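**Q** If you scroll down you'll find the structure; I have some questions about it.
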Amino acid sequence: MEQSTARGSVVLVLDFGSQYTHLITRRIRQLSICSICLPAGTSLAEISKLNPHVVILSGGPHSVHEEGSPTLPDGFFEYAQEHKVSVLGICYGLHLIVKLLGGEVKQAERQEYGRMEITAVKNSELFGDAQSFPNQVVWMSHGDEAVQLPRGFSVVATSLQGNIAAIENSAAGIYALQYHPEVTHSLRGMETLRHFLLEVAGVTAEWKLQDVLTEQIELVKAAVGPDEHVVCALSGGVDSTVAATLVHRAIGDRLHCVFVDNGLCRYKEGERVMGTFKSDLHLPVTCVDATDMFLSRLKGVVDPEKKRKIIGAAFIAVFEEFSVQLEKELGKKPTFLVQGTLYPDVIESCPPPGSGKSHSHTIKSHHNVGGLPADMQFKLVEPLKWLFKDEVRKLGALLEVPDSFLKRHPFPGPGLAVRILGDVTQGNALETIRLADEIFVNSIREAGLYDEIWQAFAVYLPVKTVGVQGDKRTHSNAVALRAITSEDGMTADWYHFDSKFLADVSSKICNSIRDINRVVYDITSKPPSTVEWE
Ligand SMILES: Nc1ncnc2c1ncn2[C@@H]1O[C@H](COP(=O)(O)OP(=O)(O)OP(=O)(O)O)[C@@H](O)[C@H]1O
Ligand SMILES: O=c1[nH]c(=O)c2[nH+]cn([C@@H]3O[C@H](COP(=O)(O)O)[C@@H](O)[C@H]3O)c2[nH]1
Ligand SMILES: NC(=O)CC[C@H](N)C(=O)O
Ligand SMILES: [Mg+2]
């Protein structure tokens, strides 16, 4: 599926490999402006096809004076000038503008990482009247600095240490910030982006999720054609339920949904999910029990990335087998596979699609992206691939997907395999963690906290510690509880329960599960941790 090009002005973000590129596109969409991200190596011909109103050059890990560092296509600034495209550079983007237009960038004597305060030093388009500019806290992350500006540019803001914070050449429509306005720690970053896009660049804010919906339905119709049948990997989670409903709108009953019970599901999950599919969703769904296949392939495997790859491949094997069965019924084998893949799955799994030859790290291989087997035959249909969770929930509401699906906490496809550290098949681990998880999440529901918490679950720790239970010495395993708040799963904070709640859950778990004599609560944010433990 293509990225959305729905209506209004288009702001193109060229990705030079920054950790924050996705945040730039997201912030722009929050302003109801259509934003598209393309890799830094994109040709001028491809760029001009989008007819962008503004091009933003992201930050990135490179230095502009490094051999082979990513750059802009020849003729970019002439194109921008001719078509009245405004340009905004951010960090590396600033360095690139300065270098390509004849200024000079050097390694800074004093690098700037983290919190800085900036002040306006002259009246400007970016910040207006310098006299009335309130100093503001911004977030910096750079080791290089511009030491000489190209002709026509001036410094319009500096950090309190006197370094360049923003430059502009308003006659040429080129602007650049040394800091990151897209991160929330830059306290007035959103305001600066809004002012730049709407007031300075004159962008029109007409982007709506409804347009994305209409457009994706058309794209699915066009990609699949009138006679093809499609398999849909449906977990009962938010993403695949919204994806299935959207694709069903496009191709109707040529959609064949399959829920895989992989033996890694939560307490009574299969039963419950199949029940809600029937009562609330009204889509035909087949349940395949593949427990033996998943667990036998996972036996003895302890490395998290290996587990993820095995699971990704096992899912595809089930879908292949399902499509062979369908061929017998339909006389035609489905060649398309719908998955509820989201943007964060893609970003964390592999070099983001917008990062060219990418310099970003693989954090973990999500089973539905980085965990897919290299020889997979299916053509993927992933209409949500450019969206974040909160956007998908809104899209689901437009499709009238019931709240019983939309409000569920996310549950990862590899399921309990990434919540049992080490070998999934060890001892009673699966059974133990199912019970602990059920007790924890039920307690959260009973306390009326479910909707306030983004995700909550229990983790099995294969660590034996000493306890005393009924006057007897025990040497048993421990359980960790994790509950987080988040907007999109990319960053998260731990949820601050009151201590009575935690004490109650801890004693319920130890009193009901024989194998457990210790419960700990995870108080780490993301970063530095991730949400799941593996
Ligand atoms: N048990 C399963 N059976 C069939 N498909 C699955 C299963 N688990 C995951 N998938 C597929 O993998 C995709 C990614 O899983 P993921 O958990 O990120 O999404 P989800 O389950 O749809 O939503 P949520 O993130 O809310 O749990 C799903 O959208 C779905 O296509
Ligand atoms: O379907 C999925 N397949 C995966 O392989 C996977 N790994 C993590 N997650 C979910 O993604 C969100 C962010 O989790 P992490 O901070 O652990 O990467 C959290 O919501 C996780 O539950 C996955 N979902
Ligand atoms: N955040 C960035 O874009 C950093 C740019 C460059 N790598 C530097 O350190 O100066
Ligand atoms: Mg899920």
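**Q** Could you list all residues from segment 22-47 that are hydroxyl-bearing (Ser, Thr, Tyr), buried (at least 20 other Cβ atoms within 10 Å of the Cβ) and out of contact with any Leu (no Cβ under 9 Å at 6 or more places or on another chain)?
**A** Hit for segment 22-47 is Thr25, nothing else.
**Q** Quick one: count up the residues across segment 110-167 that are at negative phi, assigned to a strand (DSSP E or B) and either of a type in the set (Val, Ile, Thr) or out of contact with any Lys or Arg (no Cβ under 6 Å at 6 or more places or on another chain) (or both).
**A** So the count comes out to 33.
**Q** Under the condition of being under 33 Å from the mean Cα position of the chain (by Cα) and outside any helix (DSSP H, G or I), which residue from segment 92-109 is farthest from Thr71 (Cα to Cα)?
**A** Selected residue: Ala108.
**Q** Quick check on segment 49-65: of everything there that is at pLDDT 95 or above and outside any loop (DSSP other than H, G, I, E, B), which residue is surrounded by the fewest Cβ atoms within 10 Å (Cβ to Cβ)?
**A** Within segment 49-65, the match that is surrounded by the fewest Cβ atoms within 10 Å (Cβ to Cβ) is Val55.
**Q** Next question, about the same structure. Please name all residue pairs, on different chains or six or more residues apart, with Cβ atoms under 8 Å, provided the first residue is in segment 248-266 and is in the same structural domain as Pro383 (by TED's automatic domain parsing) and the second residue is of a type in the set (Lys, Arg).
**A** Ala250/Lys221; Ile251/Lys221; Arg266/Arg434
Condition check ((1) over 20 Å from Phe322 (Cβ atoms); (2) touching a Lys or Arg at 6+ places or on another chain (Cβ under 8 Å)) across all residues:
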site	(1), (2)
Ala222	yes, no
Pro226	yes, no
Val238	yes, yes
Ala250	yes, yes
Asp253	no, no
Val258	no, no
Gly263	no, no
Tyr267	yes, yes
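**Q** Of the residues Val87, Val98, Val147, which is closer than 15 Å to Ile47 by Cβ and either within 16 Å of ligand 3 (Cβ to nearest atom) or of a type in the set (Gly, Ala, Ser) (or both)?
**A** The unique qualifying residue is Val87.
**Q** Among the residues of segment 220-251, which ones are part of a strand (DSSP E or B) and under 25 Å from the mean Cα position of the chain (by Cα)?
**A** Answer for segment 220-251, where residues must be part of a strand (DSSP E or B) and under 25 Å from the mean Cα position of the chain (by Cα): Val231, Cys232, Ala233.
**Q** Thr204 - would you say it is surrounded by fewer than 18 Cβ atoms within 10 Å (Cβ to Cβ), part of a helix (DSSP H, G or I) and at pLDDT below 95?
**A** No; evaluated as a whole, the condition is false for this residue.
**Q** Just one of Ala492, Ala503 is touching a Ser or Thr at 6+ places or on another chain (Cβ under 7 Å) and either under 17 Å from Tyr450 (Cβ atoms) or aliphatic (A, V, I, L, M) (or both); which is it?
**A** Ala492
**Q** Quick one: what pairs do we get from segment 71-83, first residue in the same structural domain as Ala172 (by TED's automatic domain parsing) and within 13 Å of Gly93 (Cα to Cα), second among the basic types (Lys, Arg) and part of a helix (DSSP H, G or I), C-beta under 9 Å, 6+ apart or different chains?
**A** What qualifies is Thr71/Lys99.
**Q** Any residue that is touching a helix residue (DSSP H, G or I) at 6+ places or on another chain (Cβ under 6 Å), farther than 15 Å from Asp144 by Cβ and away from ligand 1 (no atom under 16 Å from the Cβ) - is there at least one of those in segment 94-112?
**A** No, segment 94-112 contains no residue that is touching a helix residue (DSSP H, G or I) at 6+ places or on another chain (Cβ under 6 Å), farther than 15 Å from Asp144 by Cβ and away from ligand 1 (no atom under 16 Å from the Cβ).
**Q** Got at least one residue in segment 207-215 being among the hydrophobic types (A, V, I, L, M, F, W, C) and either within 16 Å of ligand 1 (Cβ to nearest atom) or closer than 28 Å to Gly331 by Cα (or both)?
**A** no
**Q** Moving to a separate point now. Report the residue count in segment 404-433 for those that are surrounded by 17 or more Cβ atoms within 10 Å (Cβ to Cβ), within 16 Å of ligand 4 (Cβ to nearest atom) and outside any loop (DSSP other than H, G, I, E, B).
**A** Total satisfying the criteria: 6.
**Q** Being part of a helix (DSSP H, G or I), of a type in the set (D, E, K, R) and within 22 Å of Val212 (Cβ to Cβ): is that true of Glu391 here?
**A** It is true that Glu391 is part of a helix (DSSP H, G or I), of a type in the set (D, E, K, R) and within 22 Å of Val212 (Cβ to Cβ).
**Q** Any residue in segment 185-196 that is in contact (Cβ under 8 Å) with a residue 24 or more places away in the chain sitting within a Cβ distance under 8 Å of a residue that is part of a helix (DSSP H, G or I)? List the pairs, counting only those 6 or more apart or interchain.
**A** Pairs found: Ser186/Thr192; Gly189/Arg27; Met190/Arg27; Met190/Gln30; Leu193/Arg27; Leu193/Ile28.
**Q** Just need a number here: residues in segment 385-418 that are more than 27 Å from Val441 (Cα to Cα), at pLDDT 95 or above and within 11 Å of ligand 1 (Cβ to nearest atom).
**A** 0
**Q** List the residue pairs whose Cβ atoms are under 9 Å apart, where the first residue sits in segment 311-340 and is over 21 Å from Ser365 (Cα atoms) and hydroxyl-bearing (Ser, Thr, Tyr), the second is part of a helix (DSSP H, G or I) and away from ligand 4 (no atom under 16 Å from the Cβ), and the two are 6 or more positions apart or on different chains.
**A** Thr335/Ser323
**Q** For segment 462-477, check the following and say yes or no: at least one residue is loosely packed, with under 13 Cβ neighbours inside 10 Å, in a helix (DSSP H, G or I), small (Gly, Ala, Ser) and free of Cβ contacts under 8 Å to residues at least 24 places away in the same chain.
**A** no
**Q** When you scan segment 323-345, how many residues do you find that are crowded, with 21+ Cβ neighbours inside 10 Å and either among the basic types (Lys, Arg) or within 16 Å of Ala233 (Cβ to Cβ) (or both)?
**A** The total comes to 10.
**Q** Taking the condition within 27 Å of Arg272 (Cα to Cα) and either away from ligand 1 (no atom under 14 Å from the Cβ) or crowded, with 18+ Cβ neighbours inside 10 Å (or both), does Ala492 pass?
**A** It is false that Ala492 is within 27 Å of Arg272 (Cα to Cα) and either away from ligand 1 (no atom under 14 Å from the Cβ) or crowded, with 18+ Cβ neighbours inside 10 Å (or both).
For every residue, the table says whether it meets (1) out of contact with any Leu (no Cβ under 8 Å at 6 or more places or on another chain); (2) surrounded by 15 or more Cβ atoms within 10 Å (Cβ to Cβ); (3) more than 15 Å from Gly189 (Cβ to Cβ).
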site	(1), (2), (3)
Lys99	yes, yes, yes
Gly102	yes, no, yes
Lys106	yes, no, yes
Arg110	yes, no, yes
Thr119	no, yes, yes
Ser124	yes, yes, yes
Trp139	yes, yes, no
Ala157	no, yes, no
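The values are calculated or read from the model by the stated rules, or taken from the named source; none is laboratory data. The structure displayed is predicted, hence computed values, not measured ones. For neighbour counting, all protein chains shown are included, and Cβ atoms are generated from backbone atoms with ideal geometry for every residue, glycine included.
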